[in-house]
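The structure appears below as structure tokens.
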């Protein structure tokens, strides 16, 4: 984009910086992503001390400060606990892309998750007036052969029609 | 009177070029667990009053890089403050936390994975101002090369002199199981090492490194419960030089002299040349070991120093062996602590009682932090 | 009371006029403006400064280790210079660090600086980069969420909640109108509330453009000193740093509203409430809404500002809504909040959490000019916000705390 014309004395320089990144998943997040890719399963890990789930699983239970080493499957269905209808096209700093607006994001308490843990993902719905807390929703996975071991192997969540 | 402050436990991950097996969280958890076990503190309880973290948003490619490790440092519903400079500054700030009365026990935790970014020079290139110095392509390697050129020329230090130093330091790294690059080097190996930025050969530049360091700092009252070998922080000094390389005499370091002076005054050190049993200095570039040693007052003649007995200088192999630059000063401090606790294994300097640790931030050592430690 | 090793006073403050585009200055020059004003306010020179603490969120401006370049304008040359950075709470962490450095005895006079040039980067993108790249960065929309609004609406009803949030916003704007340094002033009045509720473009859910904080270029600086140096400097009445508390939260953003529990099975509260509980308990403050004279709250949106009144003042039920509905939080009200206009008016993120105690200090000194609260301010509260819903809570005092 050409710099906006300013008063003659001011110099204005534009610059786009790019930093290629290779992030490690580590064994815990790695297990979660592999389960998405290979088995279409959502894995949470469970704290051995307080029993709460974390999904996606993380190395340590933040509350107890101990490693959470047990894994349990949760979902793929769950209850919508909170949601956002986004009207502002926020750019993804990794891809530079923005979604078409409006779109919805959701915190889902997946069936089987303990201790109030919720999972954050996109909620696919064109009629935003349908959205309310307490709705039943389910994960929709990417097709076989197209899942890569990324969070987007779950394409989105959708409302389960007919379930209150 | 502020309370005396001791380092009660330290832990370092083994430094490697690529810790692909773990996220930063896993790498950091390893060292935090170690110091928690060593001191018996309960991270879930009230034992630790605050966390001082040490990481860099650009190297982590994560805004608020400390939020990534909140869980593993036990900061859920606790205080955590990130020092966004070299890790020796985290020792300095950790000390201030305790000495201020704010917290009796502080966990200091630093991490960095240089393997994450394709080329670390891209990151340090972004440290230059967008108008004058970034467009000409400067990064910390080029800045260090300019400094090396000025310094080596001033004292007539040759490529062969530097090669000999590197071989000596690499031999020390071979005795340090935590060091990154441990293969011994011969002068022929060094001569064959490609020039990255004249006069800096690849062998004179630290390898890209991944690692984490944790420490527990405590007031005197608490320290005695946490360890039977407290290492006291008796001197701290830091200073920052001007930004544009042309405003500085790169063959010396005014800010390091200032930082050293402050640390020595606080520690009551009159004669630095004979004061320290061990010196762990941050030397990501080989020429910086003699340069820092000279400006710290540890020698009057850096060229002569090179042919002396260097046993007590960076017995760990130093940052040159491969410590991520973000945590370098924290790692050097950890090594100094191990020496004073007589836990440095094969690299132990016998009978070490007082040590100097050092860290640096910015191009060609713009900023320095000096730490004096004693048993 | 905290067992601070020695008392610490604020002896000078300075800030820039905050603006959407300060293209006439680069980073060091912007900082220099605030530093120059703080130095002049204290009546000292750079020689009197023993150390500098600075902070900002460098992903916004895209300069790595910016404190290296900023030495050209921040006065740190030849001095110890610490950089701390904790996201939105950065300015408050800078405040806490300066306090710790002086209390520790390491330095007698410390200059604290917070700044940001939001317009040099993409604010929302820069904030989104805080999210985990593997599972959250594709989803986060910077600091924008409508979930806070949803919580208030669910609890108090669609009409009442939205009206109270908008009323809060109008009051903040009326305060900003009196603050010559504030960035945005829209000349809002209460009769515009219905219109704003309908017409302000929604960003996310019921979070509308008008509710949301500013994106500003600006800097703030404060000078901290030991009691002895404060007595010698003494150009303006010293303001005492009585206490500060920092409470972080785990890595995941907890906006679901689902109750969670701590290791003892106790219901987890917000960091705002926890910080308030700790701060008031250890300073013997039993009724904060009566014993605190003014509160500069870091309110990233009108919804959060409204909601957190209850948490920070340890209130229950709808007391916080009532306070807003009655106008208690206005400058001339019973419990003034953000006489400066707060964060919805002005938000250079690295400075914002430092501007809160800075403005609180002006209130204690009686120096806030047109936005001065019309009462003697003995105790002022200031808060910082950022990260994954972290809080820093600061207590400033007109009287020197007992050692």
Mind listing whichever residues of region A:110-133 are more than 16 Å from the chain's Cα centre (by Cα) and at the interface with chain C (Cβ under 9 Å from one of its Cβ atoms)?
A:115, A:116, A:133
Scan of region B:165-199 for residues that are in a helix (DSSP H, G or I) and in contact (Cβ under 8 Å) with a residue 40 or more places away in the chain, ordered by number:
B:165, B:166, B:168, B:169, B:170, B:172, B:173
Please work out which one of (1) in contact (Cβ under 8 Å) with a residue 60 or more places away in the chain; (2) exposed (fewer than 15 other Cβ atoms within 10 Å of the Cβ) is the condition residue A:75 fails and give its number.
(2)
Within region B:126-164, considering residues that are assigned to a helix (DSSP H, G or I), closer than 30 Å to residue A:19 by Cα and out of contact with any helix residue (DSSP H, G or I) (no Cβ under 7 Å at 6 or more places or on another chain), the one farthest from the other protein chains (Cβ to nearest Cβ)
B:149
Selection status of residue C:38, more than 18 Å from residue C:123 (Cβ to Cβ), in a helix (DSSP H, G or I) and modelled with pLDDT of 95 or more:
yes
Considering only residues that are more than 7 Å from every other protein chain (Cβ to nearest Cβ) and either surrounded by 24 or more Cβ atoms within 10 Å (Cβ to Cβ) or assigned to a helix (DSSP H, G or I) (or both), which ones fall in region C:118-135?
C:118, C:119, C:120, C:123, C:131
Scan region C:78-86 and tell me whether some residue there is in contact with a helix residue (DSSP H, G or I) (Cβ under 7 Å, 6 or more places away or on another chain), surrounded by fewer than 24 Cβ atoms within 10 Å (Cβ to Cβ) and farther than 27 Å from residue C:245 by Cβ.
yes
Would you check if residue B:364 is crowded, with 20+ Cβ neighbours inside 10 Å and over 26 Å from residue B:5 (Cβ atoms)?
yes
Could you list, in sequence order, all residues of region B:102-125 that are free of Cβ contacts under 8 Å to residues at least 60 places away in the same chain and within 30 Å of residue B:7 (Cα to Cα)?
B:102, B:103
Residue satisfying all of: in region C:3-24; surrounded by fewer than 23 Cβ atoms within 10 Å (Cβ to Cβ) and within 12 Å of chain B (Cβ to nearest Cβ); farthest from residue C:63 (Cα to Cα) among these:
C:3
For region C:136-152, which positions are more than 7 Å from chain A (Cβ to nearest Cβ), assigned to a helix (DSSP H, G or I) and within 20 Å of residue A:103 (Cβ to Cβ)?
C:148, C:149
By residue number, the members of region C:103-117 that are more than 8 Å from every other protein chain (Cβ to nearest Cβ) and either out of contact with any helix residue (DSSP H, G or I) (no Cβ under 6 Å at 6 or more places or on another chain) or part of a loop (DSSP other than H, G, I, E, B) (or both) are C:107, C:108, C:111
Take region B:1-16 and flag every residue that is crowded, with 16+ Cβ neighbours inside 10 Å and either free of Cβ contacts under 8 Å to residues at least 40 places away in the same chain or assigned to a loop (DSSP other than H, G, I, E, B) (or both).
B:2, B:3, B:4, B:13, B:15
Please verify whether region A:32-44 includes one or more residues that are surrounded by 17 or more Cβ atoms within 10 Å (Cβ to Cβ), within 16 Å of the chain's Cα centre (by Cα) and at the interface with chain C (Cβ under 7 Å from one of its Cβ atoms).
no
When region B:269-285 is checked residue by residue, the ones that are assigned to a loop (DSSP other than H, G, I, E, B), over 12 Å from the mean Cα position of the chain (by Cα) and touching a residue at least 24 places away in the same chain (Cβ under 8 Å) are B:269, B:276, B:277
Pick from A:107, A:87: which is facing another protein chain (nearest Cβ under 10 Å), surrounded by 20 or more Cβ atoms within 10 Å (Cβ to Cβ), more than 21 Å from residue C:258 (Cβ to Cβ) and in contact with a strand residue (DSSP E or B) (Cβ under 6 Å, 6 or more places away or on another chain)?
A:87
Checked C:186, C:224 against criteria (assigned to a loop (DSSP other than H, G, I, E, B) and more than 18 Å from residue C:322 (Cβ to Cβ)); the one match is C:186
Test residue C:90 against the stated conditions and say whether it is more than 8 Å from chain B (Cβ to nearest Cβ), within 30 Å of residue C:231 (Cα to Cα) and buried (at least 24 other Cβ atoms within 10 Å of the Cβ).
yes
Using the structure shown, decide if residue B:324 is in contact (Cβ under 8 Å) with a residue 24 or more places away in the chain, assigned to a loop (DSSP other than H, G, I, E, B) and touching a helix residue (DSSP H, G or I) at 6+ places or on another chain (Cβ under 7 Å).
yes
Restricted to region C:214-231, and to residues that are under 28 Å from residue A:84 (Cβ atoms) and away from every other protein chain (no Cβ under 14 Å), which residue is surrounded by the most Cβ atoms within 10 Å (Cβ to Cβ)?
C:216
Hey, residue B:295 in contact with a helix residue (DSSP H, G or I) (Cβ under 8 Å, 6 or more places away or on another chain), within 14 Å of chain C (Cβ to nearest Cβ) and within 23 Å of residue B:262 (Cβ to Cβ) or not:
no
Among residues of region B:69-92, those that are touching a residue at least 40 places away in the same chain (Cβ under 8 Å), under 25 Å from residue C:276 (Cα atoms) and at the interface with chain C (Cβ under 7 Å from one of its Cβ atoms), counted:
1
Output the number of residues of region C:262-281 satisfying the condition of being farther than 15 Å from residue C:307 by Cα and either in contact (Cβ under 8 Å) with a residue 60 or more places away in the chain or part of a helix (DSSP H, G or I) (or both).
6
Name the residue that is surrounded by the fewest Cβ atoms within 10 Å (Cβ to Cβ), counting only residues in region C:46-64 that are in contact (Cβ under 8 Å) with a residue 12 or more places away in the chain and at the interface with chain B (Cβ under 7 Å from one of its Cβ atoms).
C:62
Can you tell me how many residues in region B:17-68 are in a helix (DSSP H, G or I) and either at positive phi or more than 14 Å from chain C (Cβ to nearest Cβ) (or both)?
11
Where residue C:297 falls short, out of the listed (1) surrounded by fewer than 20 Cβ atoms within 10 Å (Cβ to Cβ); (2) under 27 Å from residue C:156 (Cα atoms)
(1)
In region C:232-242, which residue that is surrounded by fewer than 22 Cβ atoms within 10 Å (Cβ to Cβ) and touching a helix residue (DSSP H, G or I) at 6+ places or on another chain (Cβ under 7 Å) is nearest to the other protein chains (Cβ to nearest Cβ)?
C:233
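The values are calculated or read from the model by the stated rules, or taken from the named source; none is laboratory data. It should be emphasised that the depicted structure is a prediction, and the values quoted were computed from it without experimental measurement. Ideal geometry is used to build each Cβ from the backbone, glycine not excepted, and the neighbour counts take in all protein chains shown.
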